[in-house]
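I have placed the structure first, in the form of structure tokens, so that the comments after it can refer back to it.
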Amino acid sequence: MRITVLGKSPSWQDAGGACSGYLVEEDGTFLLLDCGNGVFSKLRRYRDYLEVDAVVISHLHADHFLDLIPYAYALTYAPRQQPVPVDRWPGTRRPARPRLLAPHGATETFRRVVGAWGAEDLIDNAFDIQEYAPGEELAVGPLQLRFHTVPHWLPTCAVDLRSTVDGSGRFTYGADTAPTEELVTFADGTDLLMIEATLPRPERGGIRGHLTPAEAGDHGSRAHVGRLVITHFSDEMDELWARQEAERAFKGPVSVAREGSVYEV
Ligand SMILES: [Zn+2]
Ligand SMILES: [Zn+2]
């Protein structure tokens, strides 16, 4: 299984960057894990967006789904998606309509967002939407997906991916989360944990929703993961400091997610 970081910014983009988006490839199957603002453009650098089999959304914060909008426009209006010849394209009777696996209530949220300018069914029509529930298991080609609730400010699932292809490993994505034993248990023993490290220090008040790099390292350590990749942090945070913080708790290899980084498990 190959994972490419398309975007790793938190809720505001790095200079030239994109919010959350990870391309997972296995044996000719392509899965896009989260599709935050800026991700559609980055995806196009690596793969044809018509080849993506499924898009998986961890939760309904803007930085994890907003680029479904330009993606849906491309699927709807690109000349090669039309039933009749347009320009150089011959026309198709089978336009691509990727699966969109999204949390419960997502269809209604998408309708409200694009309904702001009267395009209510834009995302419904462009994608084959399936709302998943925590605890559910789904398959996309050879990839087996499991979802598990983690504490954030709205329903959010960590996602675990395994492959039926021999020799392939296991990849766990922590999504956005407050410190939690739930993620430690869910990710236990995984080959690679992609975990958020958003905060230079814990939130000063209110309900917690994110991790510091030291907390990310601690979660990786307690989950006995093979490799830790910290992500979802701004270019306004010192990444060397962040890695050192994570390494204080986690003794295995720690990487800092960068756009274009590729990991094999
Ligand atoms: Zn986020
Ligand atoms: Zn979030």
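So the values come out like this:
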read-out	value
Heavy-atom accessible area per residue - the chain, 1.4 Å, Å²	43
Within the chain: Cβ-based charge dipole about Cα centre, in debye rounded to nearest 20 (Lys, Arg +1; Asp, Glu -1)	460
Candidates per GluC sites (Glu not before Pro) in the range 174-265, loop by DSSP, up to 16 other Cβ within 10 Å	GLU203, GLU236
Net dipole in debye of the range 144-251 [+1 Lys, Arg Cβ; -1 Asp, Glu Cβ; about Cα centre; nearest 20]	220
Contact order normalised by residue count of the chain, Cα under 8 Å, 6+ apart, percent	17
Calculated P(r) of the range 158-264 - Cα pairs past 23 Å, %	21
Range in the chain, longest, excluding exposed chymotrypsin sites (Phe, Trp or Tyr not before Pro) [loop by DSSP; at most 13 other beta-carbon atoms within 10 Å]	118-265
Percent carbon-and-sulfur accessible area, the chain, ignoring ligands, DNA and RNA, probe 1.4 Å	49
Calculated from backbone phi, Karplus (6.51, -1.76, 1.60) coupling profile of the range 122-135 in Hz, x at Gly/Pro	3, 6, 4, 6, 6, 10, 9, 7, 9, 8, 9, 10, x, x
Within the range 85-217: Cβ-based charge dipole about Cα centre, in debye rounded to nearest 20 (Lys, Arg +1; Asp, Glu -1)	420
MRE, 222 nm, helices only [DSSP H, n ≥ 4, -39500 (n - 2.57), over the chain, to nearest 500]	-6500 deg cm²/dmol
Quarter of Cα convex hull surface for the range 12-119, i.e. mean projection, nm²	8.1
Kirkwood Rh and Cα Rg combined as Rg over Rh, evaluated for the chain	0.97
Cut-off of 10 Å, at most 15 other beta carbons, DSSP loop: longest stretch of the chain lacking such trypsin sites (Lys or Arg not before Pro)	94-203
Exposure ranking of HIS210, HIS59, HIS224 by accessible area [1.4 Å probe, largest first]	HIS224, HIS210, HIS59
Gain in span if fully extended, HIS224 to GLU264, counting 0.36 nm per residue against the direct Cα distance	12.6 nm
Charge-dipole axis of the range 37-195 as Lys and Arg at +1 and Asp and Glu at -1 on Cβ define it, positive-most pick from THR92, LEU193, GLY105	THR92
Where THR149, THR92, THR177 fall by accessible area, highest first, once all protein chains stay in place (1.4 Å)	THR149, THR92, THR177
Inter-part distance where the range 85-142 and the range 1-30 are each reduced to a Cα centre, Å	19
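The values are calculated or read from the model by the stated rules, or taken from the named source; none is laboratory data. All values derive from a computational prediction rather than experimental measurement. Glycine gets a Cβ as well: all are built from the backbone with ideal geometry, and neighbour counts include every protein chain shown. With ligands, DNA and RNA removed, areas are computed over all heavy atoms of the protein, side chains included. Shrake-Rupley method; radii C 1.70, N 1.55, O 1.52, S 1.80 Å.
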